[in-house]
Each structure stands twice: as C-alpha cells, then as structure tokens.
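Here's the structure we're looking at; comments come further down.
No value in this document is a laboratory result; all are computed from the given coordinates. Since the model is a prediction, treat every value here as computed from it, not as a measurement. Cβ atoms come from the backbone with ideal geometry, glycine included; neighbour counts cover every protein chain shown.
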Amino acid sequence: MSELYEDKEVGLKLAKEDGIPAGLEDLRYYIDPTKTECLNVQNEGEYFDFLDKKSIQLVSDCDEQIILGIGFNQNVMVRWN
C-alpha cells in the first residue's frame, strides 16, 4: 500500500506514487482491446498509446470531439468527475 497525501487542488487523498485517489484504482488494467474502439481519431495507433500512457492526447480527424467505446474484461464501476 502506498503512502497517502491530501491534494488540496483535487480535494482528495491521493497515493504518492501514482496520484490515484485512495480507494480507487487504475482501470487500464481491465480494458479489453478487442472490445475497444476510438472513432474519428486522426491516427489509430494514438488510441492505444493513449491507453498505455505513452501519449497524453488524442486528436480528432474532423472536429473537436473524440468518440470512445471502451470494453472491459470484467465488471467495473466508473467514477466520472
């Protein structure tokens, strides 16, 4: 278990090593690439780089919106802030 600190800007207790709020976990490990798609992305390879944290942004090929379909290999609860 990693040490926690309070991030005043985010308003949550975060793990020092990864910045994930206490009690939550990174869902990237549960993503099933065969059930995942990204529509209207400029370069298809960017999407998987984005999921692997090798890229920090996705660029649309036609407008400012990116449409994501993310499939998981088990049931997950997604919290959106």
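According to the Kirkwood relation over distinct C-alpha pairs, the hydrodynamic radius of segment 31-81 is 11.9 Å. Approximating the spin labels as points 7 Å out from Cα along Cα→Cβ, the SER60-to-LYS35 distance works out to 2.7 nm.
Placing pseudo-labels 7 Å out from each Cα toward the beta carbon at MET77 and ASP26 gives an inter-label distance of 2.2 nm.
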